[in-house]
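No value in this document is a laboratory result; all are computed from the given coordinates. Since the structure is predicted, the reported quantities are computational estimates derived from the model, not experimental observations. Ideal geometry is used to build each Cβ from the backbone, glycine not excepted, and the neighbour counts take in all protein chains shown.
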Amino acid sequence: MKIKSLKLREAHKGSANASFCSILWDLNAHHLVTASSSEPSISIHDPLLPSNPPRVLRHHRDGVTALALSPNSTCLSSGSIDHSVKLYKFPGGEFETNITRFTLPIRALAFNKSGSMLAAAGDDEGIKLINTIDGSIARVLKGHRGPVTGLAFDPNGEYLASIDSIGTVIYWELQSGRTLYTLKGVAPDTGSDTSILNVLSWSPDGETLAVPGLKNDIVMYDRDTAEKLFTLRGDHTQPICFMSWSPNGKYMATSSLDKQILIWDVNRKQDIDRQKFDNRICCMAWKPIGNALAVIDVMGKYGVWESVVPSSMKSPTEDIPSSRSKNSNGLLFFDEEDEEDQELSMSGSLSDLGEDSHGESEPPSRKRLRKQSVIDDDQHEDVYNELNLCTKTEYRKKVHRINKESSDKERDGSRSMMTFRPKMQEAFQPGSTPPQPGKRNFLCYNMLGSITTIKHDEYSHIEIDFHDTSTGPRVPPMTDYYGFTMASLNENGSVFANPCKGEKNMSTLMYRPFSSWANNSEWYMRFEGEEVKAVALGGTWVAAVTSLNFLRIYTDGGLQKHILSLNGPVVTAAGFKDELAIVTHISDCLPSNEQMLEFRIFNISKGTQPFKGHLPLTPGSYLTWFGFTEEGQLSSYDSKGVLRVFTSQYGGNWLPLFSASKERKSGENYWVVGLNASKLFCIVCKNPDSFPQVLPKPVLTLLNLSFPLASSDLGEEALENEFMLNNLHLSQIQKRIEVMADEGLDTTPLDDEAFDIEAAQDRCIFRLIASCCNGDKLVRATELVKLLSVEKSVRGAIQLATALKLPILAERFNNILEERLQSKTEVLKTSLPRSKHDRNVKADVAASMALTATERSEILEPTFSSSSAKLSAPLLIKKVKSSDRVKFGKPKTDGDQTACLEDSREVNDAGKNAGPSQVKNLQTQRPSNPFLKLPNNQEEKKVEEVMSESQSQGPSNPFFKSSNKVGEATGIQQSHRPSNPFLKSTAK
Amino acid sequence: MAGQSDPHISLFSAEEVEFMAEDELIEIVPNMRMDPLNFICGDFGPFLPQIATQVPMWLAVALKKRGKCAIRPPLWMSVENLTKVLEGERDSQGAFQALPFHYVEISRLLFDHARDDIPDMYMVRSLIEDIRDVRVHKVETSLEKFSGTSAVKIPNLSAMEVNIIRPFVGRALQAFYKHDNPEKIPDVDRASSGQTRVANNEPRRPLRR
């Protein structure tokens, strides 16, 4: 590349200091307009006769900081440090009007492509959109935190892009004035130096927005989604301060603080030419016709760089992407612009008539399209281009929404530090947030407390806080020279690990117990040629998964206990008491962007692996949280906001228990912290944040768990959801009871819990039955009745069906009840203690039959009151019942059995004693309840039938028996006794 | 606040009004674990660390004093909202902006006990003082114009403000009634019917909202 020298000519004297200068071509390349922020004058030069003195406009009282020329070159606008925006006729230069005033200096001006609107902004808050016709302010766009230094109207007229001096880019939608995207910190912070202004520019076809990047580069953003498309990075050694697209969008000129101008071939993303200057170039403009670039430096010297693009390549003004056609059809393709066109013609009144008519004949097209020398065969191509462009814009609009969604997702992605979805997701710690410069971030946040870190130059500062300050240990803050990025926390201690950084800084694992009887009980492990990827902490163990796919397990004292090889690269790990759960990749992602993950649960103390299997995720999502519920159920949360809990039902499966999309109020993201049986604990983050900041201290929000139920014709989703959740809890509890019973532990508290849930479940089912009856879903109602766990509820259902005048249904319910009673008596045959107890309960049920199911909590009361005369029954009854439920045929110690038997006998006696009085009660109730009569009578008859069928099945209706044939019943019982194997053994 | 009114003629002293305001609910974020509390005024809790819950003001203050919770300032106590309210108060001469009935007392309690929980504490404090001054001034000027009516209606007046003007307004109304009555003896029926109609139209404002 040959270095040409370019002679610059002084345009503005100004001061000795560097000041921002602007330069512009008019449409026909007949004039060059320059201005300097150190001088109040605007100069209009003739590029053909540079030696001629320029025409000078002196209307401002202070330096001119911004210039803009309307697309048809009839109107010049200037902004100044003196807070005013002025309009002039062009090329005459007659002062027209002070179109607006600010309270602080103006920094940027831009016309939209029809010239009907002028955007002005500066150190003031807010960008003003001004109608050029009457000078009224159409809108003020507020959102920037710093002085706005660059404005650019999208050539297609939909958006305005703006940039401020602290490097924030905002996409505005012109129609509504809303912020579409805010890209924070994407451009360099220019500080308080007003001679450097961040700028941005749309490509002439409007598809990409060029913004100076943080790495001395230019970053291209997508028009509709604001996604980063690509960067132009090359030999600039300092940040870029100005850029300009060639009229056809194929080339770009960039100038940087390093006093160079680079010319880029945008398609090849390569620089093709460069020029070095004595001073920084602060503004450039491509000549609209031909191959030249006008430049001006910070000292106010300007020049024109001829033949910028090598002659071997296409001219920068050739093949201008066009929406313009020579025939007037062009307007049809821009229907939405019609209004603006009219405005444009009106705005023409600002300029003289000749120019006006010219401007009107100009279709609403881009400023750079106006080529005077039209190539003959151009027309055909133009039409083609136009069609092409048109379909493309329509297509764009269609995909716009989709893209928006995906970009939302992308933003979520920052949590797991994953930027591109089709990639396999990287390892993460549950409850960590990505590091942010100068701010604290969470290494670990769980239901117990948090570990935060902040990076200083050489070291980090780590603090461990417990949410519960009254009981949690007080942990002094620590200084971390390793640069830990992973951590995990539980009641006993915390574990930290850092990735390796070069050879010097090896990956280290550190465990720090919170209280220990021995001094200096923290320990370190160093890994050579291996890197810790995830850590987890459990009751008495520490686990680390490394880059070699090793699972290393240590005791909390630091003993290296196990090293296991895992199947694939780790995603995350979580620990709870004895259990360790690890998620690994099985294979690369599917083409449909689905992560292929596998989980394993290890029981560390037993050395077993109770479960392993695929970890399901919503298609197109990735794992964002993984952990245990407070009860110890494994659960996961993915980026689409679906929470899943592992259950051993159906041989081990994941149940979707929460969906953020159902819950989400617009603009909220849920950052999961933990969950228990019925609630999800999360931190609600306002969009676009997807993770919480350390300060102010985040507050947990409780959300209800709910299955993603389809909306049924019953319209009782809440009840159905409760029904399913209760079922789930019941099965979980029964599972635990089994496990505990196997271990020979006391299951009483769990039994109580199970009993409560059963009661709640019956209430829920009863309400469902009611709504089924009302909704005429009779089959569903009978199914539900079969699920009721207590007879009394069934009777309540019968009553309900009768009350609702559904005799067929009542009949069916009755049959169900009979079947149930029959099966109960069969059970009764097999075991005496149980049957006795059941009979007792049944007697009560019968007695309190008239009560509705919702009063179920009172069921047991009669039992208690009747038997409490003799013994403290409540505990006992439950115990008997629970032991029945757990394992009935299981042999027990003799002592237990006899006690059990005696107790139950006593209970039975108590029940018998109480029997007659209850019967009386019942009889007094009967006449008052006409509905009850029928089913009860039938029942009695049937019971009698059953009795006559076989004597052993006789006492199916305890109330019947106890009221009439007490003596006989006991006789029957005695005759049963020998059939009980337990009794035999105890009799010996 | 106490300086605003003469405690001898007020029905309630400022402290008593503050005491009543302590029954207002406010959101706290506890940092300890505690079972639900069952009071006569209701059940509060359970208290779980870092999970917000609603408690009466007095309980919040008591917990705060023991370092067991952080108080979340109510939404209306943001600088943004207060600025808006202040502007509104200054703009409209007659009307009062909607603020909680006990805003003076609640803000006072929070400033006394939960300084660290209020962002931009000094700004908020000065805004509330400004608002209070503007409103009190407005109340006083409107009382100057107070003339022979049988009822006074001022919506959105707060407890403390009502407390200040209550004795004066009450007596003034009595006086008006007394002075008007003898002259209007033939019209007593009409006047009293008019009076009751007004009273019916404006149901008495309960002390607590």
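With an a/c value of 1.5 or above and a/b larger than b/c for the gyration tensor axes a ≥ b ≥ c computed over the alpha-carbon atoms, region A:98-139 is described as prolate. When the P(r) of region A:440-704 is calculated, the portion above 22 Å amounts to 57% of the C-alpha pairs.
What's the long-distance tail for region A:100-220, i.e. % of Cα pairs beyond 23 Å? Cα-Cα pairs in region A:100-220 separated by more than 23 Å: 23 percent.
Expressed in nm to one decimal, what extension gain is obtained for the pair A:V56 and A:F230 from 0.36 nm per residue of sequence separation less their Cα-Cα distance?
That works out to 58.5 nm of additional length.
Across region A:37-126, how large is the tail of the calculated P(r) beyond 20 Å, expressed as a percent of all Cα pairs? Percentage above 20 Å: 33. Modelled spin labels at A:N815 and A:T182, positioned 7 Å past Cα toward Cβ, are 6.6 nm from each other. Determine the distance separating the Cα centre of region A:477-494 from the Cα centre of region A:211-245; give it in Å without decimals. So the two Cα centres are separated by 38 Å. Projecting label points 7 angstrom from Cα along Cα→Cβ for A:R9 and B:E129 puts them 6.5 nm apart.
Compared with the direct C-alpha span, the chain from A:R101 to A:N704 gains 211.7 nm at full extension, assuming 0.36 nm per residue.
Length gained on full extension, A:E94 to A:N28: 21.8 nm, using 0.36 nm per residue less the C-alpha separation. Over region A:180-250, the pair-distance histogram of Cα-Cα distances with 10 Å bins from zero comes to 20, 53, 26, 1 percent, rounded to whole numbers.
Projected onto their three principal axes, the Cα atoms of region A:442-557 cover extents of 43, 33, 28 Å, largest first. A Förster radius of 25 Å combined with the Cβ-Cβ distance from A:N727 to A:H614 puts the calculated FRET efficiency at roughly 0.55. For region A:56-91, which trypsin sites (Lys or Arg not before Pro) are in a loop by DSSP, counting at most 13 other Cβ atoms within 10 Å? Sparse-neighbourhood loop trypsin sites (Lys or Arg not before Pro): A:R61. Using the Cβ-Cβ distance between A:A760 and A:M424 with R0 set to 56 Å, the FRET efficiency works out to roughly 0.80. In terms of surrounding Cβ atoms within a 10 Å radius of their Cβ, A:S192, B:S126, A:S162, A:S43 rank from fewest to most as A:S192, B:S126, A:S43, A:S162. For region A:7-71 and region A:623-687, what is the separation of their C-alpha centers, rounded to whole Å? First find each Cα centre; the distance between them is then 62 Å. Shielding of peptide A:462-472 by partners, expressed as the average count of other chain Cβ atoms within 10 Å per residue Cβ, is 4.
Computed with the Debye formula from one identical point scatterer per Cα of region B:1-116, without solvent, the log10 of I(q)/I(0) at q = 0.10, 0.14, 0.15, 0.23 Å⁻¹ comes to -0.38, -0.69, -0.78, -1.29.
Note on A:D457 and B:L75: the model spin-label points, each 7 Å out from Cα along the C-beta direction, lie 4.7 nm apart. Eigen-decomposition of the gyration tensor built on the alpha-carbon atoms of region A:9-306 gives equivalent ellipsoid semi-axes of 25, 24, 18 angstrom, largest listed first. The convex hull defined by the C-alpha atoms of region A:511-554 has an orientation-averaged projected area of 3.4 nm². Ordering A:K314, A:K184, A:K250 from the fewest to the most neighbouring beta carbons within 10 Å gives A:K184, A:K314, A:K250.
Each residue in A:T254, A:T194 was given a count of other beta-carbon atoms within 10 angstrom of its own, and listing them fewest first yields A:T194, A:T254.
Calculate, for A:S587 and A:Y650, the FRET efficiency according to 1/(1 + (r/R0)^6) with r their C-beta to C-beta distance and R0 25 Å; round to the nearest 0.05. With R0 = 25 Å, the Cβ-Cβ based efficiency is 0.50.
Restricting the trypsin sites (Lys or Arg not before Pro) of region A:770-819 to loop positions (DSSP other than H, G, I, E, B) with no more than 16 neighbouring Cβ atoms within 10 Å leaves A:K805. Restricting region A:577-677 to trypsin sites (Lys or Arg not before Pro) that sit in a DSSP loop and have at most 15 other Cβ atoms within 10 Å of their own Cβ leaves A:K577, A:K606, A:R664, A:K665. Considering every alpha-carbon pair of region A:716-824, the percent of pairs per 5 Å bin, from zero through the bin containing the longest distance, is 2, 12, 22, 19, 16, 13, 8, 5, 3, 1, 0.
Going by the alpha-carbon gyration tensor, a ≥ b ≥ c the square roots of its eigenvalues, is region A:532-605 rounded (a/c under 1.5) or, if a/c is not under 1.5, prolate (a/b greater than b/c) versus oblate? It comes out prolate by the Cα gyration axes.
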